[in-house]
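Heads up: the structure comes next, in C-alpha cells.
The values are calculated or read from the model by the stated rules, or taken from the named source; none is laboratory data. Quantities reported herein were computed from a predicted structural model and do not represent experimental measurements. Note that we place each Cβ from the backbone using ideal geometry, even for glycine, and neighbour counts take in every protein chain shown.
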C-alpha cells in the first residue's frame, strides 16, 4: 500500500513509516554519491558520513510524516494542503537545528513547506508532471511523432522529424499542437 492510498489524518503510524523509509532510501543513495565524489580517508569516516546523512534524511521523513498526519488529525481538515506545509516546515526547521543555522532552518521551512503543499495541491487537482506518450502515425508525411511530451522533448521530436527541411524550431511551438504546426508548415516538409 502506498502513501496516497492511506487516509489522511487516520493512519499516522503507516504514513510515518512510509515517509521514513523513503527518507532512509534517499539518504542512502545521497550518501553513496557523496562518498564516491568526495573520498573519505578512512573506513570509519566513510561509515560516519554515510550514517549521518542517512539518519538525517530518515529523520526528515519521519518528522514530515508525523507532523502532517497529526496536523490533519488535530485541525480536523484531512485534505487541507496547509497540513503538508506544516509538515514540510517542521522538516526544514529540523534541518536548520541539525546544521545549527537559523538561515538554513528558515529557508528549509519555507522551501520544503511550499514544495509539500504544492505536491498535495497537485495531487488533489490532478496535476501531472508528465503524460503518457502516444504514437501518432502521419502516413501522408511519412512521420511518426510522439505527442504529450514536455516542451524540450517536443522540440527534439519535431527537429528529428524535420531534420531535412530548413525550418527553424521556435520556442513558441510549445504552445501549438503538433498537428497545427505540421498543417501550417506542410509545404516546407519534403
- Candidates 142, 126, filtered to the one that is surrounded by fewer than 15 Cβ atoms within 10 Å (Cβ to Cβ), modelled with pLDDT under 50 and at positive phi: 142
- Message: Quick test for you: out of 72, 62, 116, 97, pick the one residue that is over 16 Å from residue 23 (Cα atoms), in the same structural domain as residue 15 (by TED's automatic domain parsing), touching a residue at least 40 places away in the same chain (Cβ under 8 Å) and part of a helix (DSSP H, G or I).
- Response: 72
- Message: With the structure loaded, tell me whether residue 99 is surrounded by 13 or more Cβ atoms within 10 Å (Cβ to Cβ) and closer than 30 Å to residue 8 by Cα or whether it fails that test.
- Response: no
